[in-house]
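Engineer: Please see the structure below; I have some questions.
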Number of protein chains: 2
Amino acid sequence: MKIKEYLSANRKQIIADLASLISIPSVSAQPEHKPDMIRCAERWKHLLLEAGADNAEIMKTDGNPVVFASKIISPDYPTALIYAHYDVMPVEPIELWNTPPFELTEDNGYFKGRGTDDDKGQSFIQVKGFEYALRNGDLRCNVKFIFEGEEEIGSPSLEKFCRTHKELLKADVILVSDTSMVSAQTPSITTGLRGLAYWQIAVTGPDRDLHSGIFGGAVANPINELCKLIASITDNDGKITVPSFYDDVEEVSAAEREMIAAVPYDETAYKKSIGVDELKGESGYNTLERASIRPTFDVCGIWGGYTGDGAKTVLPSQAFAKVSCRLVPHQDYRKISELFIQHIERTAPPYIKVSVTPLHGGQGYVCPIDLPAYKAAEKAYQRIFGQQPLAIRRGGSIPIIAVFEEVLGIKTVLMGLGLESDATHSPNENYPIELFFKGIEIVAEFYKIFGHNDTDR
Amino acid sequence: MKIKEYLSANRKQIIADLASLISIPSVSAQPEHKPDMIRCAERWKHLLLEAGADNAEIMKTDGNPVVFASKIISPDYPTALIYAHYDVMPVEPIELWNTPPFELTEDNGYFKGRGTDDDKGQSFIQVKGFEYALRNGDLRCNVKFIFEGEEEIGSPSLEKFCRTHKELLKADVILVSDTSMVSAQTPSITTGLRGLAYWQIAVTGPDRDLHSGIFGGAVANPINELCKLIASITDNDGKITVPSFYDDVEEVSAAEREMIAAVPYDETAYKKSIGVDELKGESGYNTLERASIRPTFDVCGIWGGYTGDGAKTVLPSQAFAKVSCRLVPHQDYRKISELFIQHIERTAPPYIKVSVTPLHGGQGYVCPIDLPAYKAAEKAYQRIFGQQPLAIRRGGSIPIIAVFEEVLGIKTVLMGLGLESDATHSPNENYPIELFFKGIEIVAEFYKIFGHNDTDR
């Protein structure tokens, strides 16, 4: 059966199965969802067996379990390891969702719901593409699957799991569908990712909330001070002021900057798509560079004092922020984390107490474009989209990719099929339904190429 | 019956009645407590009648009702109008309370609970002092009571109420027990109050929360920008940078600064009492000056982005802050509010939208120390405490005091009996039990003096 017929015949069931994944609120950041993590892993185990895996099991880690499955056809064939994650981001602020976040809704050509792109939608594309290739007799490689439940909180247990199960995870390449393309009209494959460092800052002033009339003016206000501290981390040129922060930043070549300039980019459309009048970033770099090859400093959350209705006058005891840096290749997140903490501790004034706690981190990654699996993916995109995909660097982070290289010695190809407009990590996450089915075709096409050539391992 | 005997005989009932007030969560800032405002007003009406008022009624305003009561003895006598408020501050963060906030607890010589000082405790002192003076035949003045339910949100309805009921509220002086003394060992009467302006700032960047990897570095982050904005409002000398902000600030005379320097003040004890290692404030002024005769800029609350567990990476759409300035005599809060809004709007960068909404405001106040009622209060404090009370300026704001002067043409004497350690506006608000009963003696003593002298009106 041709793939289009196959997808047409099974369309209803495929959507129902995707819906069963979306319906499980597997939010790794929120402890109350612990039982949902197990339910989601169980659901994947079932779906991987249905897709044709010889075996699938739920394996313990120090945190949420890993789902492992495999289809071994021949020891003579190369092996692809499909990595994905079954956890999703929190859905707050929930009042901004137009549809129930944990319900797969079809709306005007789009799937809607948390995880429809990141990463339940994209990983189900991998599974269904594998299923077709297997049933159609196209597989000339072995396929293993490792689906983890902690990607959105920085994969804290997966490195140890990889070290413990190196033999089980042996493969020639890792495939990951968890990134975005330039657009549905401009297919692209991500060849670089930013790293990440993430901290929580706590500023403590007086040991209790004070009356701002009685004490105001005489005692440092922790929110004022937290704001000054955060404001001081970037200068007027958008540079990060932490000493030695830029020491290891890769100076990207003029040739690569030219390649970035070749990416179709319409600033007016870009601004309109996110509802801003003007853009802002590091001077000396354009928007695409700022969002991919340059490090950043963003406050992800801030809170302190009175945040209810009305006008409570208070000089609060504490203030908090969650802050993060996206890092670029060669910047080591552990070193940056240390530099940041030292800088804050060194510059904190004596009238407040400041503590900085690292919450998360990961290295950046670069994929060589002459890798056999990269070439197979490139050809698959080219055939289905009708045009050569661009090789681009992206601004996001998948810290575990660098760990795979370090611990397992395996390179990863980032067969991402998302779009920036999918609102991953935001309210109203969505994914175009036709791109979902096109993605399955691309994965199936990949298996018609990868392993069919002697140079593929 | 001597007052000590009277208080001893009635001690249990007085405490039970105070407990009945504390048990009503009359939090004006939180709309869910609307019914409690009515309950609290009803309770006061009952207690004022019990204390000996001829009549007491609950009167409508545009907001929470006013309780009005009076005892008219003779048109030939001067009239004192007792102003107080039956609303209290919110109790959040509730987890920091060691006792239930809306329950009067007796602990080691202290009353504990929201309002035990501010202002249920202090206003009940006024009522019980009046009751004794009346029963003992000491009254040579008429007494009126006006207890409002919106002081903690800036008394938005009281000015109109005063304009509407000028005749009813006619009096020679207003007495208010809602301020603090230097300490239980150093009695003092407040002769100056700071004004207040209070705003909410909203910063909007992109029209939804964005992925901080995909967009980070290229798009202004509203929290980063809010922090920069707040940080820019004060300079390194602790001065406020809003143009023309200091234009009308009263330059306090050297003589008055000397009087402030005479107030007993132990910096080590002050720092210890609030748990800070160092103090911070405007350069060129000492701690007591910074907290009374100089204006301030304090952030009372801030929020935005992800504030839950874990490390969600997000570039949020919006960030908010509640900010306030304490003002000093001659600074008009309306003018300052306008200057502040104009400054923010003028300096807001084009890559974010900033809106500033005034939430609250009031003028500062100065009380002349040759006022007959001031002199009577001074003598009453002197007799009960055994020492002359200091005349001091305080940093807090009771905006309605300036309105009384403007609308009713009546000066106010601030017969405050609180202590700075009472944790008003904070968790674990408390009030020393013996000071509570001493306060009743002072008020009763006041009535033995005020009106007994021909010069008293």
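Readers should treat all values here as calculations from the given coordinates under stated rules, not as data from a laboratory. Note that this is a predicted model, so its numbers are computed, not measured. Note that we place each Cβ from the backbone using ideal geometry, even for glycine, and neighbour counts take in every protein chain shown.
Engineer: Would you calculate the separation in nanometres between label points at B:Lys335 and B:Glu267, each defined as 7 Å from the Cα along the Cα-to-beta-carbon direction?
Structural biologist: Those two pseudo-labels are separated by 3.4 nm.
Engineer: Hey, another quick one. Taking the alpha-carbon centroid of each part, what is the distance from region B:304-354 to region A:394-433 in angstrom?
Structural biologist: When both Cα centres are located, 35 Å separates them.
Engineer: Now a separate question. Under the rule of at least 5 residues apart or a separate chain, name every residue whose amide H is placed under 5 Å from the amide H of A:Gly301.
Structural biologist: Amide H neighbours of A:Gly301, under 5 Å, 5+ apart: A:Lys322, B:Tyr306.
Engineer: Separate question: Of A:Ile369, A:Ile73, A:Ile189, A:Ile274, how do they rank once you tally other Cβ atoms within 10 Å and put the fewest first?
Structural biologist: With the sparsest Cβ surroundings first, the list reads A:Ile369, A:Ile73, A:Ile274, A:Ile189.
Engineer: For region B:115-175, just say rounded, prolate or oblate: build the C-alpha gyration tensor, square-root its eigenvalues into a ≥ b ≥ c, call rounded for a/c under 1.5, and beyond that prolate if a/b exceeds b/c, oblate if not.
Structural biologist: oblate
Engineer: What does the structure give for B:314-322 when I average, per residue, the other chain Cβ atoms found within 10 Å of the residue Cβ?
Structural biologist: 6
Engineer: Taking the Cα of A:Ser355, stepping 7 Å toward and past its beta carbon, and measuring to each backbone N in region A:203-232: which are under 13 Å?
Structural biologist: So the set is A:203-205.
Engineer: Let me confirm one metric for peptide A:392-403, namely the mean number of other chain beta-carbon atoms within 10 Å of its residues' beta-carbons.
Structural biologist: 2
Engineer: Please give every one of the aspartates and glutamates within straight-line cross-link reach of B:Lys112, meaning a C-alpha to C-alpha distance under 14 Å, and leave out same-chain neighbours fewer than 8 residues apart.
Structural biologist: Result set, ordered by chain and number: B:Glu103, B:Asp422, B:Glu429, B:Glu434.
Engineer: Also, I was wondering about something else. Is region B:261-351 best put as rounded, prolate or oblate by its Cα gyration tensor, with a ≥ b ≥ c the root eigenvalues, rounded for a/c under 1.5, and otherwise prolate when a/b is larger than b/c, oblate when not?
Structural biologist: Because a/c hits 1.5 or more and a/b fails to exceed b/c, region B:261-351 counts as oblate.
Engineer: Give the calculated FRET efficiency between A:Arg257 and B:Glu406 to the nearest 0.05, with a Förster radius of 60 Å applied to their Cβ-Cβ distance.
Structural biologist: 0.35
Engineer: Please arrange B:His33, A:His452 by how many other C-beta atoms lie within 10 Å of their C-beta, fewest to most.
Structural biologist: A:His452, B:His33
Engineer: In nm, to one decimal, how far is the modelled label at B:Ala391 from the one at A:Arg383, with both set 7 Å along Cα→Cβ?
Structural biologist: Taking the simple label geometry, B:Ala391 and A:Arg383 are separated by 9.6 nm.
Engineer: While we're looking at this one, here's another question. About the Cα centre, and with charges only on the beta carbon of Lys, Arg (+1) and Asp, Glu (-1), how big is the dipole of the protein assembly as shown? Nearest 20 debye, please.
Structural biologist: That gives the protein assembly as shown a dipole magnitude of about 560 debye.
Engineer: Something else: My understanding is that a pair violates if its Cα-Cα distance is over 32 Å; which of A:Lys71/A:Lys322; A:Lys4/A:Lys60; A:Lys12/A:Lys448; A:Lys34/A:Lys166; A:Lys128/A:Lys375 do that in this structure?
Structural biologist: Among A:Lys71/A:Lys322; A:Lys4/A:Lys60; A:Lys12/A:Lys448; A:Lys34/A:Lys166; A:Lys128/A:Lys375, the Cα-Cα distance tops 32 Å for A:Lys71/A:Lys322; A:Lys4/A:Lys60.
Engineer: Which residue, B:Ile233, B:Val173, B:Phe215, has the largest displacement toward the positive end of the dipole of region B:169-263 when charges sit on each Cβ (Lys, Arg +1; Asp, Glu -1)?
Structural biologist: Projecting each Cα onto the dipole axis, the largest value belongs to B:Phe215.
Engineer: In deg cm²/dmol, rounded to 500, what helix-only [θ] at 222 nm does chain A give when every DSSP H run of at least 4 residues adds -39500 (n - 2.57) and the total is split over its residues?
Structural biologist: Per the formula, -9500 deg cm²/dmol.
Engineer: Would you order A:His211, A:His85 from fewest to most other beta-carbon atoms within 10 Å of each residue's own beta-carbon?
Structural biologist: Listed from fewest to most nearby Cβ atoms, that is A:His211, A:His85.
Engineer: If you take each beta carbon of peptide A:278-288 and count the beta carbons of other chains within 10 angstrom, what is the mean?
Structural biologist: Mean inter-chain Cβ contacts per residue within 10 Å come to 4.
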